[in-house]
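Here's a structure for you.
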Amino acid sequence: MNPDKPLKIAVASGKGGTGKTLFSTNLAAFLSQKQKTLLVDLDVEEPNDFLFINGTIEKISDQYKMIPLWDENKCTLCGSCSNTCKYHAVVQLGTFIAVFTELCHSCYACSELCPVQALPMQRHKMGKITTIDSGNLTFIESRLEVGEEQAVPLIHQTHDLVDTQYKDIPIQVFDCPPGTSCPVVAAARKADFVVLVTEPTPFGLNDLRLAIETMQKIQKPVGVVINRWGIGNDEVEKYCDQAQIPILAKIPFDRQIAEYYSNGELVYDKIEYITTSLRQVITAIQHAV
Amino acid sequence: MQSNNIHEIVVLSGKGGTGKTSLTASLAVLAGNDAVIADCDVDAANMHLLLRPDFGETFEFYSGELAVINQDLCNQCGTCAEVCRFHAIPQDKNQYQINALDCEGCGYCEKVCPTHAITMQERRSGSVYISKTKVGSTMVHARLDIAAENSGKLVAKVKNDAKAIALAGNKHFIIVDGSPGIGCPVVSSLAGANYVILVTEPTMSGLHDLKRVHAVIERFRIKSGCIINKYDLNKEQTAEIKCFLREEQIDHLADIPYDSIFSEAMIEEKTIVEIESPLKQLVGSIWEKVKEQLTRKN
């Protein structure tokens, strides 16, 4: 591990609602007791970390993606743009060129290959990034506008912002979106270690296996946290043992945790076994990387 | 029009883990063979664990393209790497290589390559299954390949297949399990829906995410109803959710108490309506309410 580079921990899950937000916010708050810590909410479609972090807003910046804008006066209706776009985001309809913003991947091909420059690229707001100062903890929330469909460009821009403006914060926790497709891959790609939060149920196990496969595909070391331990069965533990995936912590099912969570309260300093679990997890990660 | 007789119900939640799939599968069991089931949570599909489909037919799903460089034709000019906005063409050991994870298949590189060394190839992004469930209904489900893109298109494929099967078999319902979030798979699952069932939980996260997914539904002007699962976890939050439902004129379908039967049933590969408990009746009443809403003239 290069001491000049921050330690980046991604928290992902496969299945939604297993406790990613609970774990990320509490891990970051716990770490910030001793050192400067960054928490980044990359679940841009449904960001929830802000409910648990108090602080003052330092900055809000609108985030844009670039999309083509049709210049009717320059256009010769040659059809090049419509033929070029693989996403059907630029379509010639008679004498009109329609641009479907939500389908555009900002590849610039239609714009730069247009022989008469009739499709200049322009900014389109897709979301915003909010930075919150909470003492030793800096919190960045990345939030997609309702109606925007693509999470990936916003996730990339958030990583870029972190790497240029917050690279001095030595430990960084990234709360990732659920699933196993492009958004979680984009969110976890920069991580040194991925914590997969699961629950000990058949759904939890099924999605954990997919999440492990996903992380192996992008060559990330992983460890598992079993949340709500005690419900369900022990198949997740058996699977992890067999696949030689380390179990970093087991957080027992406890109605008290669920109640704190429901009110937007952190538990790292309220429930002793949570404090112990968080310490175990961070020690294990530091050994692993 | 024949398709007017089919009612398409999509179950969404915004937040994951609210009990969406357990409830969708229960409705599927109650609807029996009068419904076609579609699992549109294609990158973390779980409904098969409860409905035990037979994976009767499998189809490969191709969507999008991947750039491929023929190294024999490449003259190392680097134009492709310059135009690629996805940084998908790094130079490694004096060769330009396509990084498949980054390539979004836009084809810009193919168009500008002076030696025609780049071709675009169709890309496999998952599998679609058409199955019989344990209650005899047809289920369309899918598995997105690991780390693949285009989940929205795979969702559209699953939905279209389900619709065609429902039409051909004169079924009255299509029951769709959606994915969490508000992005392309969710939007894709909403196309053509007649009614949306929202499953939420009384936490600040649950309500926040419910509001965002409801804002997406509003854009499509689809009627919706809401189930508050684990309502007894936090009664104040439950009251706030009900307030939101009233303001937005969302049908309040039911309050379900926290019950370990959700995970117990899951372990037995059963839905909660296949086990005797007070919840069986409650979920039965949800299905009756939804049917009533669908057949009511607006």
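On the basis of being farther than 30 Å from A:Met215 by Cα and more than 10 Å from chain A (Cβ to nearest Cβ), does B:Ala168 make the cut?
Details: farther than 30 Å from A:Met215 by Cα: yes; more than 10 Å from chain A (Cβ to nearest Cβ): yes.
Yes; evaluated as a whole, the condition is true for this residue.
When both residues are 6+ apart or on different chains and their Cβ atoms are under 7 Å apart, which pairs have a first residue that lies in the range B:82-95 and is in the same structural domain as B:Cys109 (by TED's automatic domain parsing), and a second that is among the hydrophobic types (A, V, I, L, M, F, W, C) and assigned to a loop (DSSP other than H, G, I, E, B)?
B:Arg85/A:Cys107; B:Phe86/B:Cys103; B:Ala88/B:Ile98; B:Ala88/B:Cys103; B:Ile89/B:Ile98
While we're looking at this one, here's another question. Here are the criteria: (1) out of contact with any strand residue (DSSP E or B) (no Cβ under 7 Å at 6 or more places or on another chain); (2) assigned by TED's automatic domain parsing to the domain that holds B:Asp43. Tell me which single one B:His116 does not satisfy.
The number of the failed condition is (2).
Of the conditions (1) within 14 Å of chain A (Cβ to nearest Cβ); (2) under 19 Å from B:Tyr195 (Cα atoms); (3) not aromatic (Phe, Trp, Tyr), B:Asn234 fails just one. Which one is it?
Result: B:Asn234 passes all but (2).
Restricting to the range A:156-184, what's the tally of residues that are out of contact with any strand residue (DSSP E or B) (no Cβ under 6 Å at 6 or more places or on another chain), in a loop (DSSP other than H, G, I, E, B) and more than 13 Å from chain B (Cβ to nearest Cβ)?
Residues meeting the conditions: 3.
Could I ask something else about it? What residue, of A:Ala249, A:Ala187, is under 26 Å from B:Met204 (Cα atoms), in contact with a Pro (Cβ under 7 Å, 6 or more places away or on another chain) and buried (at least 22 other Cβ atoms within 10 Å of the Cβ)? Before you say what the answer is, go through the steps one by one.
On the way: A:Ala249 fails: in contact with a Pro (Cβ under 7 Å, 6 or more places away or on another chain).
Of A:Ala249, A:Ala187, the one residue that is under 26 Å from B:Met204 (Cα atoms), in contact with a Pro (Cβ under 7 Å, 6 or more places away or on another chain) and buried (at least 22 other Cβ atoms within 10 Å of the Cβ) is A:Ala187.
Give the residue that is surrounded by the most Cβ atoms within 10 Å (Cβ to Cβ), with candidates limited to residues of the range A:1-54 that are acidic (Asp, Glu) and within 14 Å of chain B (Cβ to nearest Cβ). Outline the logic, then answer.
Of the residues in the range A:1-54, the ones acidic (Asp, Glu) are A:4, A:41, A:43, A:45-46, A:49.
Subsequent filtering for residues that are within 14 Å of chain B (Cβ to nearest Cβ) retains A:41, A:43, A:45-46, A:49.
On the way: A:Asp41: 29, A:Asp43: 33, A:Glu45: 30, A:Glu46: 26, A:Asp49: 23.
Residue satisfying both the conditions and the ranking: A:Asp43.
Let's see how each residue does on (1) aliphatic (A, V, I, L, M); (2) assigned to a loop (DSSP other than H, G, I, E, B):
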position: A:Ile9; (1), (2): yes, no
position: A:Gln33; (1), (2): no, yes
position: A:Ser61; (1), (2): no, no
position: A:Asn73; (1), (2): no, yes
position: A:Tyr87; (1), (2): no, yes
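Further question on the same structure: Counting only residues that are at the interface with another protein chain (Cβ under 9 Å from one of its Cβ atoms) and closer than 26 Å to A:Lys20 by Cα, which one in the range B:212-223 is surrounded by the most Cβ atoms within 10 Å (Cβ to Cβ)?
Looking at the filtered set, the residue picked out is B:Val213.
Can you confirm whether the range B:251-262 contains a residue that is under 30 Å from A:Gly147 (Cβ atoms), surrounded by fewer than 20 Cβ atoms within 10 Å (Cβ to Cβ) and without any contact (Cβ under 8 Å) to a residue 24 or more places away in the chain?
No, there is no match, as no residue in the range B:251-262 is under 30 Å from A:Gly147 (Cβ atoms), surrounded by fewer than 20 Cβ atoms within 10 Å (Cβ to Cβ) and without any contact (Cβ under 8 Å) to a residue 24 or more places away in the chain.
Further question: Go through (1) of a type outside the set (Gly, Ala, Ser); (2) over 21 Å from A:Gly179 (Cα atoms); (3) assigned to a helix (DSSP H, G or I); (4) touching a residue at least 24 places away in the same chain (Cβ under 8 Å) for B:Lys157 and report which single condition fails.
Only one criterion is unmet by B:Lys157, namely (2).
Would you check if B:Asp43 is acidic (Asp, Glu) and under 15 Å from the mean Cα position of the chain (by Cα)? Write out each step before concluding.
Details: acidic (Asp, Glu): yes; under 15 Å from the mean Cα position of the chain (by Cα): yes.
The answer is yes for B:Asp43.
Mind listing whichever residues of the range A:246-269 are under 22 Å from the mean Cα position of the chain (by Cα), without any contact (Cβ under 8 Å) to a residue 24 or more places away in the chain and away from every other protein chain (no Cβ under 11 Å)?
Correct list: empty.
Taking B:Ala239 and the conditions (1) touching a Ser or Thr at 6+ places or on another chain (Cβ under 6 Å); (2) within 14 Å of chain A (Cβ to nearest Cβ), which numbered condition does it fall short on, given that it satisfies the others?
(1)
Between A:Ile57, A:Ile67, which is of a type outside the set (Gly, Ala, Ser), in a strand (DSSP E or B) and crowded, with 17+ Cβ neighbours inside 10 Å?
Values: A:Ile57 fails: crowded, with 17+ Cβ neighbours inside 10 Å.
Exactly one residue qualifies, and that residue is A:Ile67.
Can you report the number of residues in the range B:81-129 which are within 12 Å of chain A (Cβ to nearest Cβ), surrounded by 12 or more Cβ atoms within 10 Å (Cβ to Cβ) and in a helix (DSSP H, G or I)? Explain how you work it out, then say what you get.
Step one: of the range B:81-129, the residues within 12 Å of chain A (Cβ to nearest Cβ) are B:82-88, B:99-112, B:120, B:122-123, B:125-126.
Subset that is surrounded by 12 or more Cβ atoms within 10 Å (Cβ to Cβ): B:83-86, B:88, B:99-112, B:120, B:123, B:125-126.
Retained after the next criterion (residues that are in a helix (DSSP H, G or I)): B:83, B:108-112.
Adding up the residues that qualify gives 6.
Go through (1) assigned to a helix (DSSP H, G or I); (2) out of contact with any strand residue (DSSP E or B) (no Cβ under 6 Å at 6 or more places or on another chain) and name the single condition A:Gln150 misses.
Single failed check for A:Gln150: (1).
Among the candidates B:Ser189, B:Ser205, single out the residue that is assigned to a helix (DSSP H, G or I) and within 13 Å of the chain's Cα centre (by Cα). Write out each step before concluding.
Values: B:Ser205 fails: within 13 Å of the chain's Cα centre (by Cα).
Of the residues listed, the single one that is assigned to a helix (DSSP H, G or I) and within 13 Å of the chain's Cα centre (by Cα) is B:Ser189.
Which condition does A:Glu141 not pass, out of (1) surrounded by fewer than 22 Cβ atoms within 10 Å (Cβ to Cβ); (2) in contact (Cβ under 8 Å) with a residue 60 or more places away in the chain; (3) among the charged types (D, E, K, R), if it passes all the others?
Every condition holds for A:Glu141 apart from (1).
Looking only at the range B:260-281, which residues are in a helix (DSSP H, G or I), within 23 Å of A:Glu199 (Cβ to Cβ) and away from chain A (no Cβ under 12 Å)?
Start the filter on the range B:260-281 by keeping residues that are in a helix (DSSP H, G or I), which leaves B:261-267, B:272-274, B:278-281.
Adding the requirement that they be within 23 Å of A:Glu199 (Cβ to Cβ) leaves B:261-267, B:272-274, B:279.
If the condition is that a residue be in a helix (DSSP H, G or I), within 23 Å of A:Glu199 (Cβ to Cβ) and away from chain A (no Cβ under 12 Å), then B:Ile272, B:Val273, B:Glu274, B:Leu279 are the ones that fit.
Among the residues in the range B:4-25, are any more than 25 Å from B:Phe262 (Cβ to Cβ), in a loop (DSSP other than H, G, I, E, B) and either away from every other protein chain (no Cβ under 14 Å) or over 17 Å from the mean Cα position of the chain (by Cα) (or both)? It would help to see each step written out before you state the result.
Of the residues in the range B:4-25, the ones more than 25 Å from B:Phe262 (Cβ to Cβ) are B:4-8.
With the extra rule that they be in a loop (DSSP other than H, G, I, E, B), the set shrinks to B:6.
Next, from what is left, pick out any that are either away from every other protein chain (no Cβ under 14 Å) or over 17 Å from the mean Cα position of the chain (by Cα) (or both): B:6.
Within the range B:4-25, one or more residues are more than 25 Å from B:Phe262 (Cβ to Cβ), in a loop (DSSP other than H, G, I, E, B) and either away from every other protein chain (no Cβ under 14 Å) or over 17 Å from the mean Cα position of the chain (by Cα) (or both).
Another question about this same structure. Given the conditions (1) part of a loop (DSSP other than H, G, I, E, B); (2) in contact with a His (Cβ under 6 Å, 6 or more places away or on another chain), report the number of the one that A:His105 does not fulfil.
Failed condition: (2).
Looking at (1) within 9 Å of another protein chain (Cβ to nearest Cβ); (2) assigned to a loop (DSSP other than H, G, I, E, B), which one does A:Leu119 not meet, given that it meets all the others?
Checking A:Leu119 against (1) within 9 Å of another protein chain (Cβ to nearest Cβ); (2) assigned to a loop (DSSP other than H, G, I, E, B), the one that fails is (1).
The values are calculated or read from the model by the stated rules, or taken from the named source; none is laboratory data. It should be emphasised that the depicted structure is a prediction, and the values quoted were computed from it without experimental measurement. Glycine gets a Cβ as well: all are built from the backbone with ideal geometry, and neighbour counts include every protein chain shown.
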